[in-house]
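This is the structure, below, for whatever I ask next.
The values are calculated or read from the model by the stated rules, or taken from the named source; none is laboratory data. Since the structure is predicted, the reported quantities are computational estimates derived from the model, not experimental observations. Cβ placement follows ideal geometry from the backbone for every residue including glycine, while neighbour counts extend to all protein chains displayed.
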Amino acid sequence: MKGSDGQVTSRVRRTLLPGGLRVVTEQLAGVRSASIGVWVGVGSRDEAPTLHGCSHFLEHLLFKGTRERTALDISVALDEVGGEFNAFTAKEYTCFHARVLDDDLPLAVDVLGDMITNSLMTVEDVDAEREVILDEIAMHDDDPDDVVHNLFALQAWGDSPLGRPIAGSHESIAGLTRDQIVRFHRKHYRPANMVVAVAGNLDHASVVRQVRKAFSRQGFLDRDEAPVRPRRAARARRVHPGTSATTKPFEQVNLVLGVGGLTRRDDRRFALGVLNTALGGGTSSRLFQEVRERRGLAYSIYSFASHHADAGLVGVSVGCLPGKVDDVLAVVRRELAKVAADGITAVELERGIGQLRGGLVLGLEDSGSRMSRLGKAELIHDELLTLDEVLARIEGVTLEEVRSLAAELFTQPEILAVVGP
């Protein structure tokens, strides 16, 4: 069932449970699935150097078993109903999520609540999962794209929590103890620091009852400690321009060239979205057409923008043969200089707005995307713009806004990361 504008009709509701746990739901008509995410306000940038990688380690560890379920029980519970189940750690938050048939939502709520509040975290599980994470780090070290983006972040933010890899290093993971991880869990996994977001075919009151029951284990909701509020700079953090290079036995050279960007609260992020799309957001973009289609210098090239509470980056990522590096860099720098001087054209503006509108609406056609939007809005944005409000802001972007922003961003000193033979 869709509204008169062709969008899936929905209803958003919010309830505050004891201890400060927030439950936000979006009821979607005409779907038979439901997605749930438990969003925790802690990520890799909230770690001291001795705890580097602890958020990601903890994410892994909570799947290893509880007082009520073994690790196999947790896996079987969702597998046998055809559900999807996973988790991820970011710089500023961690999310545990599941997507199931609407009839199986109570099961998903119970499993996630059990994991979050009732995990055993035994010494044996810590030691076993340590080896898994070390393998994961080694896997990322073999991926050129991961290596160059980690190097880019390190150059931009230095040896700080923002600049370090989310998964940790071999040294930090090898040194983490069970006691450190348990204390980290106790400090950050508090009701007031968490959001349970659910979207799909659901009843809000029923979801609230299920969450209250599932998260009442071990007296979790009785904990009324205030959430740990990480320190964030009042103004956008400055980046460190310069070049970093690492030799790796890859076939290609991978490059990331960028500058400081915008924070996630900056109202100009909508103009940046249009600019990013025109610059390197698809096969019709300037960089793709100039670098790949016209000159054949690379197979893949794209631009990106990342946003944090007090920091941001804008950049271009490309992989090419070693003999083409100088030509690729020259073309990319020339295109960035052009857009800084002249902005984008009216045709590119309309195309960029159209791409963002279409991508946004199509991306919200499933319950998982809706759930993610709810969780992030409640946990890190402190506001939930309606779809119409977001579309209006995208459609309101002007050529002058894009030109002014491009001139400000792409005249900054550059950050360059290079990885290859």
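Looking only at segment 308-350, which residues are buried (at least 16 other Cβ atoms within 10 Å of the Cβ) and small (Gly, Ala, Ser)?
Of everything in segment 308-350, those that are buried (at least 16 other Cβ atoms within 10 Å of the Cβ) and small (Gly, Ala, Ser) turn out to be 309, 311, 312, 315, 317, 319, 340, 343.
Right, another one. Report, by residue number, each residue of segment 155-179 that is surrounded by 15 or more Cβ atoms within 10 Å (Cβ to Cβ), of a type in the set (D, E, K, R) and farther than 22 Å from residue 245 by Cβ.
Matches in segment 155-179: 178 only.
Out of the residues in segment 65-91 that are among the β-branched types (Val, Ile, Thr) and in contact (Cβ under 8 Å) with a residue 24 or more places away in the chain, which is farthest from residue 106 (Cα to Cα)?
Once the filter is applied, the top-ranked residue is 89.
Then there is this: Being surrounded by fewer than 19 Cβ atoms within 10 Å (Cβ to Cβ), in a helix (DSSP H, G or I) and modelled with pLDDT under 95 is the requirement here; does residue 356 meet it?
No: the conditions fail for residue 356.
Something else: Among the residues of segment 316-341, which ones are under 19 Å from residue 401 (Cα atoms) and touching a helix residue (DSSP H, G or I) at 6+ places or on another chain (Cβ under 7 Å)?
335, 339, 340
Can I ask one more? Is it the case that some residue within segment 61-71 is modelled with pLDDT of 95 or more, in a helix (DSSP H, G or I) and buried (at least 19 other Cβ atoms within 10 Å of the Cβ)?
Taking every residue of segment 61-71 in turn, at least one turns out to be modelled with pLDDT of 95 or more, in a helix (DSSP H, G or I) and buried (at least 19 other Cβ atoms within 10 Å of the Cβ).
Are any of the residues in segment 27-47 among the basic types (Lys, Arg) and either within 20 Å of the chain's Cα centre (by Cα) or more than 29 Å from residue 179 (Cα to Cα) (or both)?
Checked against the condition, which is being among the basic types (Lys, Arg) and either within 20 Å of the chain's Cα centre (by Cα) or more than 29 Å from residue 179 (Cα to Cα) (or both), segment 27-47 yields at least one hit.
Could you tell me how many of the residues in segment 259-286 are surrounded by 23 or more Cβ atoms within 10 Å (Cβ to Cβ), farther than 28 Å from residue 379 by Cα and touching a residue at least 40 places away in the same chain (Cβ under 8 Å)?
Count: 2.
Oh, and also: Could you say which residue among 383, 400 is surrounded by fewer than 16 Cβ atoms within 10 Å (Cβ to Cβ) and part of a helix (DSSP H, G or I)? If you could, list the steps in order and put the result at the bottom.
Details: 383 fails: part of a helix (DSSP H, G or I).
Only one candidate passes the filter, namely 400.
Anything in segment 265-324 that is in a strand (DSSP E or B), within 21 Å of residue 350 (Cβ to Cβ) and among the polar types (S, T, N, Q)? List them, or say none.
Answer for segment 265-324, where residues must be in a strand (DSSP E or B), within 21 Å of residue 350 (Cβ to Cβ) and among the polar types (S, T, N, Q): just 303.
Go through (1) of a type in the set (Gly, Ala, Ser); (2) in contact with a helix residue (DSSP H, G or I) (Cβ under 8 Å, 6 or more places away or on another chain); (3) surrounded by fewer than 24 Cβ atoms within 10 Å (Cβ to Cβ) and name the single condition residue 75 misses.
(2)
Something else now. In a helix (DSSP H, G or I), polar (S, T, N, Q) and farther than 30 Å from residue 239 by Cβ, is that true of residue 180?
yes
Looking at segment 117-161, which of its residues are among the charged types (D, E, K, R), under 21 Å from residue 259 (Cα atoms) and either out of contact with any strand residue (DSSP E or B) (no Cβ under 8 Å at 6 or more places or on another chain) or without any contact (Cβ under 8 Å) to a residue 24 or more places away in the chain (or both)?
Correct list: 146, 159.
Looking at segment 82-91, which of its residues are in contact with a helix residue (DSSP H, G or I) (Cβ under 6 Å, 6 or more places away or on another chain) and either of a type in the set (Asp, Glu) or over 11 Å from residue 35 (Cα atoms) (or both)?
Just the residues of segment 82-91 that are in contact with a helix residue (DSSP H, G or I) (Cβ under 6 Å, 6 or more places away or on another chain), to begin with: 85, 87, 89, 91.
Within segment 82-91, 87, 89, 91 qualify.
Give the residue, chosen from 343, 352, 396, that is at positive phi, touching a residue at least 12 places away in the same chain (Cβ under 8 Å), out of contact with any strand residue (DSSP E or B) (no Cβ under 9 Å at 6 or more places or on another chain) and not assigned by TED's automatic domain parsing to the domain that holds residue 149.
343
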